[in-house]
Amino acid sequence: MLKQINASPVGELFITIEEEWITSISYDKPDNWEELVGTAHEQVLFQKLIMQLDTYFEGTREVFELPVLLKGTDFQKRVWQALSEIPYGVVVSYKDIAIAAGSPKAVQAVGQANRANPIPLLIPCHRCVKSNGELGGYNGADVDKKQYLLALEKGLSLN
């Protein structure tokens, strides 16, 4: 298992890789966090992730091509899959995701699944907003991160 911290424009990212899978990216330091170097294979995947994150933050990458392992309920996995299908720069509502996940009345549960998203950025929960256009929370992080990512994807000035 590899556990490393990487600096990004939205703050430190706490990254976990298990064997050939990215299993988590967190904006907050997880409980009992301990950096682990991991295997050579995990180090290669970590470097590939960092390269893709760097190009995303430079505005030259719209799609991540990385192996992820999602741990969650069947409903959460359906929500995360629906989130993964939102195109770069597009914003949808929690209701849209509830419909896409096959549970049109589960809007609040979609919000909870968004907060439980183990791999923000790769699974773009920042592209999901309230029906009235308000941003809503963002994966346990402050809304500033969500605003930054949406502005980045719209090609707006980030200064």
So which residues in the stretch 11-56 are open to solvent by less than 10 Å² (accessible area, probe 1.4 Å), under 21 Å from residue 149 (Cβ atoms), touching a strand residue (DSSP E or B) at 6+ places or on another chain (Cβ under 8 Å) and not in a strand (DSSP E or B)?
49, 53
Is it the case, given these coordinates, that residue 64 is hydrophobic (A, V, I, L, M, F, W, C), within 15 Å of the chain's Cα centre (by Cα) and over 19 Å from residue 117 (Cα atoms)?
no
Mind counting the residues in the stretch 1-10 that are aliphatic (A, V, I, L, M), open to solvent by 70 Å² or more (accessible area, probe 1.4 Å) and either within 14 Å of the chain's Cα centre (by Cα) or closer than 23 Å to residue 126 by Cα (or both)?
1
When you scan the stretch 134-149, do you find a residue that is of a type in the set (Asp, Glu) and at pLDDT 90 or above, even just one?
no
Among (1) among the aliphatic types (A, V, I, L, M); (2) assigned to a helix (DSSP H, G or I); (3) surrounded by 15 or more Cβ atoms within 10 Å (Cβ to Cβ), which single condition is residue 151 missing?
(3)
Taking the condition farther than 19 Å from residue 23 by Cβ and modelled with pLDDT of 95 or more, does residue 64 pass?
no
Report yes if residue 42 is of a type outside the set (Val, Ile, Thr) and more than 18 Å from residue 64 (Cβ to Cβ), otherwise no.
no
Exactly one condition in (1) over 26 Å from residue 17 (Cβ atoms); (2) in a loop (DSSP other than H, G, I, E, B); (3) at pLDDT 95 or above is not met by residue 96; state its number.
(2)
Name the one entry in 107, 68, 129, 91 that is open to solvent by 30 Å² or more (accessible area, probe 1.4 Å), touching a Leu at 6+ places or on another chain (Cβ under 8 Å) and over 25 Å from residue 1 (Cα atoms).
91
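The values are calculated or read from the model by the stated rules, or taken from the named source; none is laboratory data. Owing to the predicted nature of the structure, the values given are computational and were not obtained by experimental measurement. Here Cβ is always computed from backbone atoms with ideal geometry, including for glycine, and neighbour counts include all displayed protein chains. For the accessible areas, the whole protein counts, side chains as well, though only heavy atoms, and no ligand, DNA or RNA atoms are used. Shrake-Rupley method; radii C 1.70, N 1.55, O 1.52, S 1.80 Å.
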